[in-house]
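No lab work stands behind these numbers, since they all come straight from the coordinates. Just so it is clear, the structure is predicted and the values come from calculations on it, not from any experiment. Heads up, the Cβs are rebuilt from the backbone with ideal geometry, glycines too, and the neighbour counts pull from every protein chain shown.
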Amino acid sequence: MHVLRFTVMAGFFLLMTGLVHADGEVFKVCADPNNPPLSLENGKGYENKIANLIADALGQKLEYTWFPQRLGFIRNTLKAKLPDSESYKCDVVMGVPDGFEIAATTRPYYRSTYVLVLVKGGALDAVKAPNDLDRLPQDVRSKLRIAMFDGAPGTTWLLNHGLMTQGIPYQTMTGDTSENAAQVLLRDFTDKKLDMVILWGPMAAYLSKEKPGMFEVIPMISEPGLRFDFAMSMGVRIPDKERKKVLDDLIEKKGAEIEAILKDYGVPLLPLESAATKPH
C-alpha cells in the first residue's frame with residue numbers, strides 16, 4: 001500500500017511540474033543541420049550546447065529533426081507529424097525572435113544586436129563607430145564593397161547613409177543548403193571580395209572566431225525608425241503551454257550557464273532586462 005501511494009504521488013508530482021509528455025523521455029529539437037554558429041549536425045553550434053543543457057536538466061535524451069532553416073521550416077518540423085502517427089516530429093525550436101508569430105515563444109534567453117564588421121588593415125581602420133563612415137573621404141567611400149541583405153536593417157542604414165551604390169546583394173537564405181550566409185561571407189571576405197557588412201551579432205561572432213584578428217566588430221545603435229537589437233527565445237507549438245512553462249522555468253534557472261555558452265561563442269550580448277529601443 002505504501003509503495004502504491006508513493007508511486008501515485010510521484011506520478012502526480014511529475015504531472016504537476018510539467019515534465020511528463022507523450023514523449024517524456026526525449027527532448028525533441030527542430031534544427032538546421034548546417035547553420036553555424038547556431039546549429040550543426042555535428043553538435044558544435046551554440047544552440048546545440050544549450051539544447052544539451054536543457055535536455056540534461058530534464059533528464060531526457062536529446063533528439064533532432066534536421067531540416068534547412070528556409071521557407072517552410074516550421075511547417076516541416078515543429079508543426080509536422082510523423083507518418084501514420086499523432087506524434088510530432090519535434091517539439092522545440094531553440095532560437096526564434098521573441099514574439100515570433102507562428103509559434104509560442106518562451107521568455108527570452110538572450111538579446112543581441114546587429115554589428116558593423118570591417119576588414120582590418122586599410123582605410124577603414126579609422127572607423128570606430130558606425131557614423132564614422134559618413135566622414136570618410138569620398139574616394140574611400142566610393143570604393144567600398146559592402147555585403148547587403150534584402151530586408152535587413154543594415155540595408156536601411158546603408159540607404160540612410162548614402163552607401164547603397166556600394167552594396168553587393170546577398171541572400172539571407174541561400175538556395176544552397178550546404179552553405180549558410182555566414183559561410184558565404186567568410187569565403188568572400190577571405191577572397192578579398194568584401195570590405196564590410198552590417199550583420200546579426202551571432203553570425204559576426206562566427207566570422208571573428210573563424211578568422212581571428214581579421215575583423216573589427218562595432219555594435220550598431222538603434223535609432224528612430226530603425227532597430228538593431230532583438231531578443232531571442234525558444235519556440236514551441238502555440239497550444240503547448242505546458243512545455244512552454246517548463247522551458248520558461250529552466251531558462252530562468254539555467255540563465256548563467258546559457259549566458260556562459262553564448263559568451264564562449266563570442267555572441268555580442270545586451271542586458272535582457274533593458275527594453276529594446278523601439279522604432280518611432
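Quick look at the values:
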| item | result |
| --- | --- |
| Test: residue in the range 62-70 that is within 16 Å of Leu250 (Cβ to Cβ), of a type outside the set (Asp, Glu) and surrounded by fewer than 19 Cβ atoms within 10 Å (Cβ to Cβ) | yes |
| Meets criteria (in contact (Cβ under 8 Å) with a residue 12 or more places away in the chain, farther than 15 Å from Leu38 by Cβ and among the polar types (S, T, N, Q)) for Ser233 | no |
| Residue under evaluation Ile251, criteria (1) of a type outside the set (D, E, K, R); (2) in a loop (DSSP other than H, G, I, E, B); (3) within 21 Å of the chain's Cα centre (by Cα), criterion not met | (2) |
| Search result, residues across the range 195-220 that are surrounded by fewer than 16 Cβ atoms within 10 Å (Cβ to Cβ) and not in a helix (DSSP H, G or I) | Lys211, Pro212, Gly213 |
